[in-house]
Every structure is written in C-alpha cells, then in structure tokens.
1. Any idea how far the Cα center of segment 51-76 sits from the one of segment 100-117, in Å?
2. Per the helix-only calculation at 222 nm, which mean residue ellipticity applies to the chain, given -39500 (n - 2.57) for every DSSP H run of n ≥ 4 and division by its residues, nearest 500 deg cm²/dmol?
3. Please report, in whole Å, how far the alpha carbons of segment 1-70 spread along each principal axis, starting with the longest.
4. Taking the Cβ of Asp9 as the center, what net charge do the other residues with Cβ under 11 Å away carry, scoring Lys and Arg +1 and Asp and Glu -1?
5. I'd like the accessible area for Asp45, computed on protein heavy atoms only with a 1.4 Å probe and all protein chains in place. Round to 10 Å², please.
6. Taking a ≥ b ≥ c as the square roots of the Cα gyration tensor eigenvalues, with a/c under 1.5 meaning rounded and otherwise prolate when a/b beats b/c, else oblate, which class fits the chain?
7. Of Met111, Met82, which has the most accessible area with a 1.4 Å probe, and how do the rest follow in descending order?
8. Near Ile96, within a Cβ-to-Cβ distance under 12 Å, what is the net charge of the other residues, with Lys and Arg +1 and Asp and Glu -1?
Amino acid sequence: LADRGRIFDLLEKLLGGTPAEVLNAFAAIHKDGGEPGQLLADLADAVHLVTRYKALGGDAGNEGVPAEDKRRAASLAARLSMPLLARAWQLLLKGIEEAGKAPDPLAAAEMVLIRIAYVADLPPPDEIIKALGGAGQV
C-alpha cells in the first residue's frame with residue numbers, strides 16, 4: 001500500500017484539476033513500487049473517507065483511522081463539494097475495473113486520473129442546467 005500521506009497529496013492534486021501534477025505524483029508513487037490498480041483503490045478509500053466527513057462532519061465514526069488521515073480528510077471535506085466527491089468515487093470505481101482488465105494497467109490508471117482531473121473543474125449538473133436556461137425547456 002502506498003503511503004497514505006502521498007495518497008492524500010495525490011487526491012488534492014487530482015480534485016484540484018491539475019493533470020500534469022497528478023501524473024507526476026502518480027508516476028513517483030508508481031516508481032516507488034505502487035501498483036496502478038491498488039493506487040486507484042487507495043484513492044477510492046481516501047475519497048470515501050473524505051465523503052464521510054463531508055456527510056457526517058466530525059461524527060464520521062472512523063475508529064482506527066490515523067489522526068493525520070482524519071485531519072486531511074476533514075480539511076478536504078470542508079473544501080470540496082459533494083457532487084465532485086461523488087463523481088470522483090464513480091470514476092475511480094470504474095477505473096479500478098478498467099485497470100484490472102487493461103493490457104497496460106499503468107496507462108489505464110493514468111487515463112482514469114486524467115479524466116477525473118478534467119472533470120474536477122466542471123460545474124455540477126444543476127449549474128449546467130441553469131446556465132443553459134433551465135430544465136424542461138424544449
């Protein structure tokens with residue numbers, strides 16, 4: 001398993017919409033022995049923890065989670081939107097599956113990270129609908 005601090009660093013870059021930084025950080029973890037599919041799974045675990053903090057606040061019920069992970073998760077939860085966390089979760093779950101089936105798991109994992117990094121700066125669907133003039137208009 002990758003160092004949790006590095007996973008949270010990667011997650012911050014990923015959800016900050018900085019693809020070049022994401023790929024460089026991912027490459028560094030991979031170079032140090034991180035397996036692509038496991039790194040995606042570690043990111044999904046971190047997204048889950050952050051989402052629990054977003055939904056439950058300080059009452060996230062994360063016994064056994066190191067204090068530093070709790071601090072990082074709470075900090076990210078305060079800054080990130082629930083729609084962004086939900087999109088990241090879905091893309092990571094799909095990406096874990098893709099990386100497991102791909103002939104080149106590293107390339108598949110990188111593509112997942114690129115997709116998430118570019119989706120991170122998209123507005124939520126309700127804002128897109130408002131920008132397009134509202135729902136129900138045909």
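1. Taking the Cα centre of each part, segment 51-76 and segment 100-117 sit 27 Å apart.
2. One gets -24000 deg cm²/dmol as the mean residue ellipticity at 222 nm.
3. 36, 24, 19
4. Working: positive: Arg4, Arg6, Lys13, Arg72; negative: Asp3, Glu12, Glu21.
Charge balance in the 11 Å sphere: +1.
5. Here the residue's solvent-accessible area equals roughly 90 Å².
6. Oblate.
7. Numbers: Met111 105, Met82 70 Å².
These residues rank, largest area first, as Met111, Met82.
8. Working: positive: Lys94, Lys101; negative: Glu35, Asp42, Asp45, Glu97, Glu98.
Net local charge, Ile96 excluded: -3.
The values are calculated or read from the model by the stated rules, or taken from the named source; none is laboratory data. All of these numbers come straight from a predicted model, not from anything done at the bench. No Cβ is skipped: glycine too gets one built from the backbone with ideal geometry, and neighbour counts run over all protein chains shown. Remember, those area values only see protein heavy atoms, side chains included, never the ligands or the DNA or RNA. Shrake-Rupley method; radii C 1.70, N 1.55, O 1.52, S 1.80 Å.
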